[in-house]
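Notes follow the structure.
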Amino acid sequence: MSTTLELLRADRVLTVVRAPEISDARDLCAALVAGGIHVVELTFTTPDLPKHLERAAATADETGAVVGAGTVQTGTQALQAVEAGAQFLVTPGQGPEAAAIVEAGRAANIPVVLGAFTPSEVMNALALGSTAVKIFPAHQLGPKYFKDLNGPFPGVPLIPSGGVNAGNARDFLDAGALAVSAGTDVVSPTDVAAANWSTITSKAQAFRAALQ
């Protein structure tokens, strides 16, 4: 369970892939790792996600990527992701099956990152057993909000998602975030569908450079 968080502490970024199609999950992961991003979140908004997770998991030794499932909203989806080889689970918020998602992760000994926005939701995520907490949509309140959250929640791993880009990512880290989520700033749906791997690698490198 520690591998993902250790990588996040080192890289300070994970990539969220939200695309209508993925031409090859193995090549996508290889392109991101070449750009310095090792933690990759493939989301259930992509059709046939388990198939892509299986491909990414089967080639993880080749690519060096740690791949998980995002936009997990049900216990069934959590189990499908685990069976496909997901190394972590991420939710957009806390629906009625949040506890079942955490349990699926716990049974597989992989991290679960529940989504939250308010302090009450952060408290609930921690009570449910969330390994870290995703703050979404982070751009609504910005980096200062993370400084505010660090007051009552010192040491809690917080990950901003939504509206994070190369221009503001460093500010979130300076405000106390464990790592940031990079979305279309690195992996645009067009580039993913068209297999523009060199472009994705270049964007990943630029994003990593912005974190220094």
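So the values come out like this:
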item	result
Residue pairs meeting the criteria (Cβ under 6 Å; at least 6 apart or on separate chains; first over 29 Å from residue 173 (Cβ atoms), in the stretch 9-27; second part of a loop (DSSP other than H, G, I, E, B))	23/195; 26/59
Considering residues of the stretch 45-70 that are touching a helix residue (DSSP H, G or I) at 6+ places or on another chain (Cβ under 9 Å) and surrounded by fewer than 20 Cβ atoms within 10 Å (Cβ to Cβ) only, the residue nearest to residue 194 (Cα to Cα)	51
Selection from the stretch 131-168 of residues that are β-branched (Val, Ile, Thr) and within 23 Å of residue 206 (Cβ to Cβ)	159, 164
Residues of the stretch 113-157 classified as within 24 Å of residue 185 (Cα to Cα), among the aliphatic types (A, V, I, L, M) and either in contact with a Leu (Cβ under 6 Å, 6 or more places away or on another chain) or in contact (Cβ under 8 Å) with a residue 60 or more places away in the chain (or both), total	3
Residues (modelled with pLDDT under 95 and either assigned to a helix (DSSP H, G or I) or not aliphatic (A, V, I, L, M) (or both)) located in the stretch 193-209	193
Selected residue (criterion: surrounded by the most Cβ atoms within 10 Å (Cβ to Cβ)) from residues of the stretch 1-32 that are at pLDDT below 90 and polar (S, T, N, Q)	4
Filter result for residue 92 (over 26 Å from residue 158 (Cα atoms), of a type outside the set (Gly, Ala, Ser), without any contact (Cβ under 8 Å) to a residue 60 or more places away in the chain and part of a loop (DSSP other than H, G, I, E, B))	no
Subset tally (residues that are assigned to a helix (DSSP H, G or I) and either farther than 18 Å from residue 43 by Cβ or not hydrophobic (A, V, I, L, M, F, W, C) (or both)) for the stretch 135-169	12
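The values are calculated or read from the model by the stated rules, or taken from the named source; none is laboratory data. For clarity, every value in this text was computed on a predicted model and none was experimentally measured. When we count neighbours, we look across all protein chains shown, and the Cβ atoms used for this are built from the backbone with ideal geometry, even at glycine.
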